[in-house]
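To start, the structure itself, in structure tokens.
The values are calculated or read from the model by the stated rules, or taken from the named source; none is laboratory data. Only a predicted model underlies this, so the values are computations on that prediction, with no experimental measurement involved. We place every Cβ from the backbone using ideal geometry, glycine too, and count neighbours over all the protein chains shown. SASA here: full protein model, heavy atoms, side chains in, ligands and nucleic acids out. Shrake-Rupley method; radii C 1.70, N 1.55, O 1.52, S 1.80 Å.
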Amino acid sequence: MNIGIDQISFYTSQYFLDLRTLAEARGVDPDKYVIGIGQSKMGIPPPDEDVVTMAASAAFQLKEQGALDGVEALLFATESGIDQSKAAGMFVHGLLGLPERCRVVELKQACYSATAALRMAMGLVAMRPQSKVLVIAADIARYELGSPGESTQGCGAVAFTISADPRLIVIDPESGFYADDVMDFWRPNYLSEAQVDGKYSTLVYIKALKAAWTQYAEESGRSLDDFARFCYHIPFTRMAAKAHQKLARGISDEELENVIGESLIYSREAGNCYTASLYVGIVSLLDHCAEDLSGKRIGLYSYGSGCVGEFFSGVVQPGYHDVLLTNEHQKLLNERMELTFQQYEDIYHYGIPTDGGEHVFPQYRTGPFRFAGIERHKRIYEEA
Ligand code: HMG
């Protein structure tokens, strides 16, 4: 039975900070961010946008297409959790009006958990081929102000449905995966900024990639030549480029651009979306690739610090263009509002009140849903 991604949509905040603005404020050469890190802008969520509203906004686009009919589970991957007990997906379930007969759960393993969700979703569909599973990955990448990680912040959500005979990508059964208990990146429950051993994290990312790829290649008998394109986990676009250069030693700049270039376009604009990043890369590839990818195989690398890496693959399905939401994605990115540096810092410092009182949040521009306030420690969401 063929199982895979039936439809996919992407959402990011309506606000961004240009990395040249950040560079100027921090006294850094802008080329370091734009060329060295490979990022142009970073999505910044206003106080009334969080992982729930971004996730619901991404999935809402699928709902409007009728793609959520038959969904029996919602698997929500995030490392920006908003509650220690209640799954963020429960709020999304309510906002989208999903059926009562629906399993809802939140998954965590840094940026890797969306791929764990995809694997679990495939298992559920294999058992009940008439059903669908909605997977949502949503995150806000946040580091300390003035730290090396600051230029690699961002935010976004990707929602996709897993079904039998999918219209977009059939996921291959072969896979290589690798785990190692390391401290390259983490965020204790009492901190709202990630802690990171930056250089070390890039080394572990590559180590996990090599191990996962070696295992995948052995199991599948495939070589790099069997792939039309590659999508990587994208903490910043230069990381994905370096990763591919490690696998395809001696690759020319032109060929590198050819095999990964289209997958990096949205991430360069939105920044790191943690769990969603690989899937932002897939959306970006499908939305931008001028070549017809029908019947072509793409290589996929998922990485989550801490760490788990997985190399897997999928075959793009004939007719995939008909189900893409390219116009919606491009409209969203084109209509975003640019923040000044002062506005960015003000939003950064806007903390969620923890006193249990009644708080109404200022209204910014969001997607169809907003995080309206907090009352007796309960988060309140509403239609925007
Ligand atoms: P840094 O140490 O300040 O940067 O921060 P740098 O000095 O290494 O410079 C970066 C690149 O810019 C270098 O290129 C410089 O040469 C170049 P490279 O040598 O690497 O090829 N450069 C310039 N280029 C052009 N013009 C210039 C110029 N100046 C310098 N004027 C670091 C880099 C990645 C450490 C930092 O951004 C960071 O800590 N980021 C956060 C951690 C991260 O993203 N790690 C990635 C791997 S781990 C991962 O992907 C998991 C993650 O998504 C989390 C999760 O799983 O949940 C993060």
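Observations
- Residue within segment 284-294 that is within 15 Å of the ligand (Cβ to nearest atom) and of a type outside the set (D, E) present: no
- Test: residue in segment 70-88 that is out of contact with any helix residue (DSSP H, G or I) (no Cβ under 6 Å at 6 or more places or on another chain), within 19 Å of F371 (Cβ to Cβ) and crowded, with 18+ Cβ neighbours inside 10 Å: yes
- Tallying residues that are free of Cβ contacts under 8 Å to residues at least 60 places away in the same chain and acidic (D, E) within segment 117-158 yields 1.
- Segment 1-102 holds helices (runs of 4 or more DSSP H) entirely within its bounds, and those carrying 1 or more residues that are within 16 Å of the ligand (Cβ to nearest atom), farther than 24 Å from Y266 by Cβ and in contact with a Gly (Cβ under 9 Å, 6 or more places away or on another chain) map to 19-26.
- Looking only at segment 235-280, and only at residues there that are farther than 21 Å from L118 by Cβ and among the hydroxyl-bearing types (S, T, Y), the one that is nearest to the ligand (Cβ to nearest atom): T237
- Unique match (being open to solvent by less than 20 Å² (accessible area, probe 1.4 Å) and modelled with pLDDT of 95 or more) among V315, V308, V283: V283
- Residue match in segment 131-147 (condition: of a type in the set (F, W, Y), closer than 19 Å to K242 by Cα and within 14 Å of the ligand (Cβ to nearest atom)): no
- Within segment 276-304, residues that are without any contact (Cβ under 8 Å) to a residue 60 or more places away in the chain and farther than 15 Å from I5 by Cβ sit with their Cβ atoms under 6 Å from residues that are away from the ligand (no atom under 16 Å from the Cβ) and not in a strand (DSSP E or B), at 6+ positions apart or across chains, in these pairs: H288/E262; H288/I265.
- Pick from segment 338-384, criterion within 17 Å of M54 (Cα to Cα) and among the acidic types (D, E), ranking: surrounded by the most Cβ atoms within 10 Å (Cβ to Cβ): E382
- The single condition among (1) of a type in the set (K, R); (2) more than 30 Å from V170 (Cβ to Cβ); (3) open to solvent by 20 Å² or more (accessible area, probe 1.4 Å) that K331 does not meet is (2).
- Those residues of segment 181-200 which are within 13 Å of the ligand (Cβ to nearest atom) and either open to solvent by 40 Å² or more (accessible area, probe 1.4 Å) or touching a residue at least 60 places away in the same chain (Cβ under 8 Å) (or both), in sequence order: V182, M183, D184, F185, W186, R187, Q195, V196, D197, K199, Y200
- In segment 207-225, the count of residues that are within 15 Å of the ligand (Cβ to nearest atom), closer than 29 Å to S151 by Cα and of a type in the set (K, R) is one or more.
- Some residue of segment 151-166 being open to solvent by 10 Å² or more (accessible area, probe 1.4 Å), touching a helix residue (DSSP H, G or I) at 6+ places or on another chain (Cβ under 8 Å) and within 11 Å of the ligand (Cβ to nearest atom): yes
- Residue under evaluation I251, criteria (1) among the β-branched types (V, I, T); (2) in contact with a strand residue (DSSP E or B) (Cβ under 9 Å, 6 or more places away or on another chain); (3) not in a helix (DSSP H, G or I), criterion not met: (2)
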